[in-house]
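The values are calculated or read from the model by the stated rules, or taken from the named source; none is laboratory data. Keep in mind that this is a model prediction, so the values were computed, not measured. Note that each Cβ is placed from the backbone with ideal geometry, even for glycine, and that neighbours are counted across all protein chains shown. Note: areas computed on protein heavy atoms with side chains; ligands, DNA, RNA excluded. Shrake-Rupley method; radii C 1.70, N 1.55, O 1.52, S 1.80 Å.
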Amino acid sequence: MSQQTPLDDVLRERLQPDEFALYQRLHAAHFFWWKAHRLSVPGSLRGLRSLLHRAGAVSLQRDQVHKTSQPFYDYAAELGLPLDRFDIDDRLTGMQHPGHPGQRYFSEPGDCLAMYANTRLGWVSHGVGNALTFSLPDTLRNCLRDEAREDGWSTLTAYRCPPFVDALRRLEFWSVADFAARLAGRHGLAEEAAEAPIDALAALVDDASDGIDLTAVRRLADDADALLAEHRPTYAQAGEAFAFAAVLGVLLDQLTARITVPNGMNFWYPLTEAALTATRQFLPRLRDLVESAGTDHDRLTSALDELAADCRAYLDAPNARHEPGPAWRDLTEATADHLRALGFAMRRHRRDDVKNADTVFTASNALWRWVFFHDHRRLRPDLEGLGLTRADRDRAAGVVLRWLHRPWAVLSAEDVGPAFRGMVPGDEENGVQRAFMVLGDLLRSEPGLYLQKAFNVADPDRAGALLLRLIDSRYVLHACRQRVQYLRFEDEDDNLRVQGRLLIEMFTAWAYGDDRRMDRLEDDMEDVVRLLRDGAPWCQEFLNADRPVTTRQRTFAAQYQTDPEAWCKRLFRFDDPGFFVDEHLGFMPPERFSFLQA
């Protein structure tokens with residue numbers, strides 16, 4: 001019989017309270033960006049690695065090759081036994097509590113690389129194993145400079161490639177500037193170009209089967225920069241429109257991140273039924289306010305009763321699948337908007353208490369969430385591939401635009417807060433972010449009408465077209481981050497990568513050749529830096545050992561031994577300000593992890 005000890009319990013015991021609190025903050029921030037946007041933020045990643053190492057929760061992997069065989073799990077998979085007890089269809093019932101998402105269990109070598117790569121919105125990835133370990137060769141690869149880094153033969157994992165991440169950020173800036181220029185009544189930033197950078201990126205990724213050429217992505221980002229430089233007066237004069245576009249883009253990113261997530265809006269029948277029932281209880285004393293807003297009080301009451309009864313019917317028959325018709329949809333959307341208008345009226349006239357007004361808004365959002373839940377359940381099979389054809393892009397943009405009309409039916413404050421935190425200096429604390437307040441009037445209105453009023457957009461059709469253009473750009477960028485797994489270095493000089501690869505091969509072969517060497521490194525990983533800078537002793541031992549040494553290795557060893565310090569400067573980050581090896585250890589932090597104890 002074995003017991004499981006959660007990683008957090010180990011860290012809570014071994015770290016100081018302020019260190020553990022820092023770990024929790026870094027962990028929440030890191031996995032927010034990773035799960036929603038496939039952004040592995042270097043700062044939080046380094047901090048998590050360092051704290052896990054300081055706590056003694058991660059140890060040096062003693063085998064040079066991963067033990068990937070898992071007989072019990074492989075046998076169970078052959079029998080079709082769902083060991084992780086996770087089924088995506090469970091999220092499509094509307095019965096799963098939003099605060100208790102399903103968990104996917106992973107049992108694998110303890111560096112958590114595969115688990116990290118498979119962590120997504122919609123569930124929690126939970127690793128289970130005897131130990132968390134870091135790989136020596138992966139640690140050294142993490143210490144390489146960008147120009148010398150590779151994960152495979154002339155390839156690099158996309159989320160580990162800063163030039164790729166930077167290129168997409170530059171294209172993201174282009175999407176904001178282009179939208180702002182058009183919103184301010186000027187022409188866009190690609191009117192004379194044969195193809196907008198975003199369209200070229202979509203074509204590049206859609207045509208790729210395994211990975212894309214980093215040079216081609218950089219070229220697209222350079223094209224975007226050239227357009228930005230050429231049209232700087234155009235978007236620089238947009239002023240308020242540019243600030244609005246930047247903040248709106250962030251909100252659209254949060255919505256777009258959920259288009260492939262089963263029940264990405266977290267619809268839950270019990271919450272919907274409870275909100276409708278609670279609103280129904282105090283609605284009679286608000287008859288005059290309801291009627292003054294142009295809504296028939298008795299019809300609204302009847303609609304609440306009917307929809308609450310629908311919820312209870314599906315709660316009583318959880319295996320039934322609700323397939324609503326047009327009449328149900330019309331009733332639900334109309335009721336949701338009547339409640340929304342009532343909530344605004346209650347706040348405007350300060351009627352009843354704040355808690356009841358919040359309940360009315362909760363009921364309104366829950367009804368829209370119910371509608372979006374059914375729409376999305378029907379459309380998701382066509383969205384989950386994150387297609388980049390024109391038809392795929394139009395379909396996705398249409399879904400996000402519809403969600404933008406009622407974003408609180410898809411997002412929660414917890415979804416929005418981290419995304420906007422820090423956009424305004426001094427706005428790093430919890431609470432409503434000041435940057436988000438730029439969107440206040442938009443969220444209280446209808447997006448198209450707001451653009452007409454605030455920015456003098458000529459007509460609703462143009463307003464809708466502008467929004468769809470920005471949504472499309474953000475969707476393409478999101479799809480690229482999710483779909484591109486590897487970058488190839490087809491047109492770039494490979495010399496540094498080959499030299500880095502050879503040095504790591506030789507050093508790790510030397511280290512794994514003697515348990516005493518591994519003990520020394522595990523006691524002090526900074527010793528790796530000292531050994532590589534010194535060079536001669538370990539390199540000579542490698543060459544003299546009873547093992548095959550290739551001609552290429554001997555040739556490079558001779559070059560390296562002439563000036564190890566210079567080679568370290570050329571290949572590694574060791575001399576960068578604030579560099580510590582423990583921040584670059586060869587493992588990825590787990591979302592959750594439990595240690596098995598016999």
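Checked against (1) surrounded by fewer than 16 Cβ atoms within 10 Å (Cβ to Cβ); (2) touching a residue at least 12 places away in the same chain (Cβ under 8 Å); (3) farther than 28 Å from MET115 by Cα, ALA558 passes all but condition (2).
Run down ARG285, ARG258 and say which single residue is under 31 Å from the mean Cα position of the chain (by Cα), charged (D, E, K, R) and either modelled with pLDDT under 90 or not in a helix (DSSP H, G or I) (or both). Walk me through it before giving the result.
Details: ARG285 fails: under 31 Å from the mean Cα position of the chain (by Cα).
After ruling out the rest, the residue left standing is ARG258.
Residues in segment 397-425 that are closer than 21 Å to ASP358 by Cβ and free of Cβ contacts under 8 Å to residues at least 60 places away in the same chain: how many? The qualifying residues number 5.
The C-beta contact set for segment 517-528 (first residue within 14 Å of LEU585 (Cβ to Cβ) and open to solvent by less than 10 Å² (accessible area, probe 1.4 Å), second residue small (Gly, Ala, Ser) and in a helix (DSSP H, G or I), distance under 8 angstrom, 6+ apart or interchain) comprises LEU521/ALA511. The residue that is surrounded by the fewest Cβ atoms within 10 Å (Cβ to Cβ), counting only those in segment 66-102 that are at pLDDT 60 or above and acidic (Asp, Glu), is ASP89. Taking each residue of segment 16-42 that is under 16 Å from MET588 (Cβ atoms) and of a type outside the set (A, V, I, L, M, F, W, C) and looking for partners that are open to solvent by 40 Å² or more (accessible area, probe 1.4 Å) and in a helix (DSSP H, G or I) with beta-carbon atoms closer than 8 Å, six or more apart or interchain, yields SER40/TRP33; SER40/ARG160; PRO42/PRO162.
If you check GLU323, GLU384, GLU333 for being over 24 Å from HIS478 (Cβ atoms), surrounded by fewer than 18 Cβ atoms within 10 Å (Cβ to Cβ), modelled with pLDDT under 95 and not aliphatic (A, V, I, L, M), only one passes: GLU323. From the list ASP288, ASP223, ASP213, the one residue that fits, being under 20 Å from TYR475 (Cα atoms) and charged (D, E, K, R), is ASP223. Quick check: anything in segment 499-508 over 30 Å from THR119 (Cβ atoms) and in contact with an Asp or Glu (Cβ under 6 Å, 6 or more places away or on another chain)? No - not one qualifying residue is present in segment 499-508.
Would you pick out the residues in segment 202-216 that are aliphatic (A, V, I, L, M) and assigned to a helix (DSSP H, G or I)? Hits for segment 202-216 are ALA202, ALA203, LEU204, VAL205, LEU214, ALA216. Quick one: would you say PRO197 is surrounded by fewer than 22 Cβ atoms within 10 Å (Cβ to Cβ), of a type outside the set (Gly, Ala, Ser) and without any contact (Cβ under 8 Å) to a residue 60 or more places away in the chain? Here the answer is no, as PRO197 does not meet what is asked. Identify, please: which residue in segment 222-246 is touching a Leu at 6+ places or on another chain (Cβ under 6 Å) and assigned to a helix (DSSP H, G or I) and is, among those, most open to solvent (accessible area, probe 1.4 Å)? Once the filter is applied, the top-ranked residue is LEU227.
Would you check which residues across segment 111-128 are over 16 Å from TRP34 (Cα atoms) and open to solvent by 10 Å² or more (accessible area, probe 1.4 Å) and list them? Scanning segment 111-128 gives a single hit, VAL128.
Residues in segment 264-287 that are over 22 Å from ALA309 (Cβ atoms) and either of a type in the set (Gly, Ala, Ser) or open to solvent by less than 50 Å² (accessible area, probe 1.4 Å) (or both): GLY264, MET265.
A Cβ distance below 9 Å, combined with a sequence gap of six or more or placement on separate chains, defines the contacts here; from segment 458-472, residues that are more than 15 Å from ASP178 (Cα to Cα) reach residues that are at pLDDT 95 or above and open to solvent by 10 Å² or more (accessible area, probe 1.4 Å) in the pairs GLY464/LEU401. Per this entry, TYR105 is counted among residues that are under 26 Å from the mean Cα position of the chain (by Cα) and either among the aromatic types (Phe, Trp, Tyr) or modelled with pLDDT of 85 or more (or both). So if I check each of ARG393, ARG481, ARG469, which one is open to solvent by 40 Å² or more (accessible area, probe 1.4 Å), in a helix (DSSP H, G or I) and closer than 24 Å to ALA221 by Cα? The match here is ARG469.
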